[in-house]
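**Student:** Below is one structure. I have some questions about it.
None of the figures in this text is laboratory data; all of them are computed from the coordinates on show. This is a predicted model, so every value here is computed, not measured. Note: ideal-geometry Cβ built from the backbone for every residue, glycine included; neighbour counts use all protein chains shown.
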Amino acid sequence: MTLTTFLELAKVCEKLTKTTKTLEKTKIVSNFLSKLEKEEISPAIFLIIGTIFSETDPRTLNINWKSLEPVLKSLKQKTLFQEKLTITSVYKTFLKIAQISGKGSQRKKKDMLISLFSQVSPLEKKFLMRNIFGEMRHGVKEGVMIKAISVASGLDYSNIKRAYMINGNIGEIGKIALEDGEEGIKKVSIKLFQPIKPMLGEIVEDLNQAFNKHGKNLALEYKYDGIRVQIHKSGKIVRIFTRHLKEITSNFPEIIKKILDNIEIDDIIVEGELIAIDSNGRPLPFQDLMHRFKRIYEIKKVQQLIPVSLLLFDIIFCNGKSFLNIPYQKRWKKLSEIVKNFDLAKRIITNNIDEANIFYNNAISEGHEGVMIKALTSIYHPGERKNDWLKLKSEIRLDIVIIAADWGSGRRHKWLSNYHLAVIDEKEEFQVIGKTFKGLTDQEFENITEELLKLKINDNQYTV
DNA sequence: TCTGTCTGCCCC
DNA sequence: ATTCTGC
DNA sequence: GCAGAATGGGCAGACAGA
């Protein structure tokens, strides 16, 4: 057995930066994957896409530029006998670094980084750094990687994709595909406490567009401005996961209790939106909810300050049975039977556009974000943005002024691409309301940069 | 030990 | 989250 | 139509200095 060097992986990454063509990237990666030893497949996949850990994994590297910079500067003294780094040895080092925490952790991490970096060539160094920062800049992430796994294993692309959306661990999926083949991939199924990627909705401009896309048999649900959550329950254990499969169970103890008190079924996965509410039950802005998110201290105190409410809208799994292939209307029926004392998202079923408009306007006037429009017969497609679900949000128009601008980064480094915005209040003074960087083409950035530089009164290298 | 600062990570 | 580009 | 890149605000955790 010959282990593959990290240098070979770095060369593959370098090769990927030389082409913009997806097919070529797919071929480069799949050829590389095919040559790997079994134990290298998963680490290689993570090192190529630059994430180290799967989405469900709570671990992180936690390395600052502050601690990496001195490491890179101290690299002059090259060790004479260089050991060849392998994919697995690099990966193991990253795992060790992720384990270090607490006082003095930065020091320990620095030492490990120094010994890691002192063994590498410039090319390896380049991609080790990109791995640490999670930005590979070679155009291969999950999407292209799934294609590469499909080509390398000779298995159907849609089966691999489905398995990934259900399992969430792309390294594991690659290993299963290449080792166990079709049989292994088909066996990948929903498991309790292993969150799946949630189904997503397409944006529509208005209800006419939604009705044109769907024809008939529509359900409209309130779209709440909060955190999308997937809740897994088995017996007395309840865990909450976000849209990106991160666990936030400990932040919302009252929700756990409510689930235990109101859902009797032992094994179940349901989905809903978690929102902050005031004492009258009216929705609070998303920012208020953020005070409870990822909090470790004073959870009880903030729980009193910012109450939350959970509105359920889907069921994915119940008593050992997957509900992914059950049509929307039947899923809703099951959900409403099981969670009798629980709030479901407010909903109507209608073919009448006037009725739909009234429903939408009610959602907005009650302080919500808009509505979701769902096809009654549609099944649940994990992780996919399909026409089966549409979202309609309200928009507000404002007259605003650009009062400052930041230089962009990456592809936008030559432009002022991040604008500080203000409205003019009744005293004719600027009231800063926020920043934006969105909604413009390259040519528009070019023009605006030119215009703004003509008007500039101050420039500190970052902000004009 | 307390406080300010920096930065990664997570949501929208 | 949104919006852009390149394929 | 898909995939990747770029972008902001709030929190915890770590360090440096008082």
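**Student:** Please give, to one decimal in nm, the separation of the simple spin-label points placed at A:LYS141 and A:GLU8, each 7 Å out from Cα toward the Cβ.
**Tutor:** 2.8
**Student:** Run the quick spin-label model on A:ASP111 and A:LYS96: label points 7 Å from Cα toward the beta carbon, then report their separation in nm to one decimal.
**Tutor:** Label-label distance for A:ASP111 and A:LYS96, simple model: 1.1 nm.
**Student:** If I stretch the segment between A:GLU39 and A:GLU205 completely, what's the gain in nm (0.36 nm per residue apart, minus their alpha carbon distance), one decimal?
**Tutor:** 54.9 nm
**Student:** Another one. So if each residue of separation counts as 0.36 nm, and I subtract the Cα-Cα distance between A:ILE265 and A:SER158, what length gain in nm does that give?
**Tutor:** Length gained, A:ILE265 through A:SER158: 35.3 nm.
**Student:** Provide the per-residue ³J(HN,Hα) series for segment A:116-129, in order, calculated from phi with Karplus coefficients 6.51, -1.76, 1.60 and θ = phi - 60°, each as a whole number of Hz, with x at glycine and proline positions.
**Tutor:** Result, ordered by residue: 5, 6, 6, 9, 10, 7, x, 5, 5, 4, 4, 7, 4, 4 Hz.
**Student:** I need the peptides A:216-224, A:355-363, A:386-394 ranked by packing, meaning the mean over residues of other C-beta atoms within 10 angstrom, with the highest value on top.
**Tutor:** A:216-224, A:386-394, A:355-363
**Student:** Sticking with this structure for a sec: At 7 Å along Cα-to-Cβ for each site, give me the label-to-label distance between A:GLU247 and A:LEU376 in nm.
**Tutor:** Each label point is offset 7 Å from its Cα along the Cβ direction, giving 4.0 nm.
**Student:** Which length gain, in nm to one decimal place, applies between A:ASN387 and A:ILE296 when the Cα-Cα distance is subtracted from 0.36 nm times their residue separation?
**Tutor:** 28.9 nm
**Student:** I'd like the distance separating the alpha-carbon centroids of segment A:315-335 and segment A:116-195, in whole Å.
**Tutor:** 29
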